[in-house]
Amino acid sequence: MTDPKRTHLHTDSAMAYRQMAPDFAAHEYVNHSAGEYVRGNVSTNLNEGYFSQLKRSLDGTHHHVSVEHLQRYLHQFDWLYTHCHATDSQRLRLLLGNVGGRRLTYRPLIRAVSLPPFKQYAGLITWLTRPFYNIGRAAISP
């Protein structure tokens, strides 16, 4: 899990990001409206690539994502994205190495899951459920 207090947030200049910026160690942004897309190591390329693949995964693999289980879909995608350069057998070893002592039965799975603490960023859910061709520059819609 990412620790926001140790994370540097790189975004475009949309005002929506400034609301969450105080939660992070640093916030730097590029100004797309002024033709700035990269400044040193600051850009939105990683964000755009990540969310583009996330939307493809949700649309192409799952077809529907419920709000109750959204966090589980996001965790699964993030784990696969983080380990994308590993072979299938390496990923399987990593996965099996982390399941010891855990058991997920059907009843807790279907029980309503509370929304994560970033509930105020509900635009993310709206953004994730938009059709793929509407992908914009922002990672979270204002």
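The values are calculated or read from the model by the stated rules, or taken from the named source; none is laboratory data. Computed from a predicted structure; not experimentally measured. For neighbour counting, all protein chains shown are included, and Cβ atoms are generated from backbone atoms with ideal geometry for every residue, glycine included. Side chains included, ligands, DNA and RNA excluded: accessible areas come from the protein's heavy atoms. Shrake-Rupley method; radii C 1.70, N 1.55, O 1.52, S 1.80 Å.
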What distance in nm separates the two pseudo spin-label positions at Val67 and Thr82, each 7 Å out from Cα along the beta-carbon direction?
2.7
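Give, in nm to one decimal, the length gained when the segment between Leu104 and Glu48 is fully stretched (0.36 nm per residue of separation minus the Cα-Cα distance). All intermediate terms of the calculation are to be shown ahead of the outcome.
Values: separation 56, 0.36 × 56 = 20.16 nm, distance 3.28 nm.
Contour length minus the Cα-Cα distance gives 16.9 nm.
Give the ranking of Met15, Met20 by solvent-accessible surface, highest area first, calculated with a 1.4 Å probe. Walk me through the numbers on the way to the answer.
On the way: Met15 125, Met20 15 Å².
So the residues, ranked largest to smallest area, are Met15, Met20.
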Under 5 Å between amide H atoms, partner at least 5 residues away or on a different chain: which partners does Tyr29 have, H built in plane at 1.01 Å?
Thr11
Report, largest value first, the span of the C-alpha coordinates of region 42-112 along each principal axis, in whole Å.
41, 30, 24
